[in-house]
Amino acid sequence: MDEEKMMILNLVADGKISVDEAEKLLTALEPKPAPAPSFGFEETNAWDEAEFEGLETVPQPPRIPPIPRIPTIPRIPNLPRTPSMPTPPRPPRPPRPARDAQEHRHVRFHPSHFHRFSPDDIVEMKTLGMDDLRDHDLADMSHHGVTMEYIRKMSEAGLGKLNSDDLTRLRDHDVRPDYIRTLREVGFNEIDVDEIVRLRDHDVRPDYVRKMRDLGYANLTIEDVIRLHNHDVSPDYVKAIRDLGYEDVDLEDIIRLGNHDIDPRYVQSLRELGYDDLDLDDIIQLGNHDISPELVKSMRELGFEDIGMDELIQLGNHDVNPEFVQEIRALGYDDLNLDHLIQFSIHDVSADFIREMRELGLRDLSFDDLIQLSIHDVRAGFVQELSALGLTDFSVDDLVQLSIHNVRPALIHDLREMGLTDFGVDDLVEFGIHNVSARFVRDMIELGFEGITVDDLVQMRIHGVSRRFVEKLREKGFDSTDPDEVLRMRIHGYETA
């Protein structure tokens, strides 16, 4: 119902207008129906008599009078509200008892602190030496699970002067009163909180300390105990090492053995192979280089019976194993001793290296040849490039000299492109020794020295004939293109400046 109709009904309810007047007003507010569409034809009330001639006229029915509207029931006025009963006054709060200012001057009890300590607990803490307690101390201890019972038992265990920070740390590291008590029983009487936490973090049990001291390590410090424990030196380990005859093993030696993971069974196996005079340093070196009893047995089966201590370490250090020996022997190197095999491994002379050289024509290579080729980095790729340029008649010494003096296949290729073809390996070595580069050769040819030889180029380089020197000579009128004449000018000290 819209606002206008509501206003009319309110006027009837208030007696300001009659029901008939209200009906007229409501009728006037009703929306009028839209006219029916004419579809382009004009409306008319006249009958086309010609079209409807002969039809009887039908009488119109009488119009039904409109039904009168039911009058709106007037609104019932609001009844006055019954006054509510007054609220009784709140009783006054009882006065707070006075606090002892001296006793509780630093501690205020408030629910927002969320600590679990009562005033009696605070008093007891003070009797245990915890004098300067503040609100945040109580909250921190409570948050970290420090209870009054825990504090009491820590004090009974002999933990010096207590404070909230130490108690919180101990509780966080799961240090229990019994742990501190047993540490004191094994001799750590002057231990502080930091040392207790370190021992607990490294999972050092008091019983471990007791057993190590019973084995003769009576003056162990906290640091000693932690080092022993970290290197897995157990009392049983110490006993096993001593049973092998190392009675006087000191603290540092036993830690070194544990640090290098020396198993007593390893030492016993080496002794069974005849290595019964090894000291602790020998055992540690053998262990560091992975010299296993199985390696010694396999090498003996290959004919290496008397392998000394130094040779064993060299075998492990340079990865000379039975498989390596068998591959080298399969290529015909049956008479190599252990030192030769170690040298092969040091200089990276492998079975693959030997096979590659043989495929390139270098078949009868001795031990020394192979070592020299490898030392001077003469690899299969270098030899292949030389062969592709037509240089095939070379010895091991030629290859070594070319590599030593940095004569690369690219230099040979450039010399041939510039027309120099009459040279051998010795000439190339001379080029390398005297630093005759492709650029130097190109400069001399561009300056007009036609028919210049390899020896000419070497001599000119030796005596310092450069492009600039020749150009200065020509500026002064000396136009000779004979290399010997230019050399004489240079040798006899002709100054171009």
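Here, each number is a calculation from the coordinates, and none is a lab measurement. What you are looking at is a predicted structure, and each value in this text was computed from that prediction instead of being measured. For neighbour counting, all protein chains shown are included, and Cβ atoms are generated from backbone atoms with ideal geometry for every residue, glycine included.
Structure data summary
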| item | result |
| --- | --- |
| Peptides ranked, highest mean first, by Cβ atoms within 10 Å: ranges 410-417, 165-172 | 165-172, 410-417 |
| Net charge of neighbours whose Cβ lies under 13 Å from the Cβ of Ile354, counting Lys and Arg as +1 and Asp and Glu as -1 | -2 |
| Net dipole in debye of segment 377-497 [+1 Lys, Arg Cβ; -1 Asp, Glu Cβ; about Cα centre; nearest 20] | 540 debye |
| Spin-label model distance (nm) - Ser292 vs Asp426, 7 Å beyond Cα toward Cβ | 5.6 nm |
| Simple Cβ-charge dipole of segment 130-280, Lys/Arg +1 and Asp/Glu -1, about Cα centre, in debye nearest 20 | 520 debye |
| Length gained when the stretch Leu487-Leu11 is fully extended (0.36 nm per residue, less Cα-Cα span) | 157.6 nm |
| Where N is the number of residues in segment 431-479, Cα Rg divided by 2.2 N^0.38 Å | 1.11 |
| Counted charge near Ser164, where neighbours are those whose Cβ lies closer than 15 Å (Asp, Glu -1; Lys, Arg +1) | -3 |
| Estimated FRET transfer efficiency (Asp334, Arg379; beta-carbon r; R0 35 Å; 0.05) | 0.85 |
| Per DSSP, loop GluC sites (Glu not before Pro) in segment 187-291 with at most 16 further Cβ within 10 Å | Glu190, Glu247 |
| Inter-centroid distance (Cα atoms) of segment 232-283 relative to segment 355-392, Å | 48 Å |
| Coil-residue trypsin sites (Lys or Arg not before Pro) of segment 274-377, DSSP, other Cβ within 10 Å capped at 16 | Arg363 |
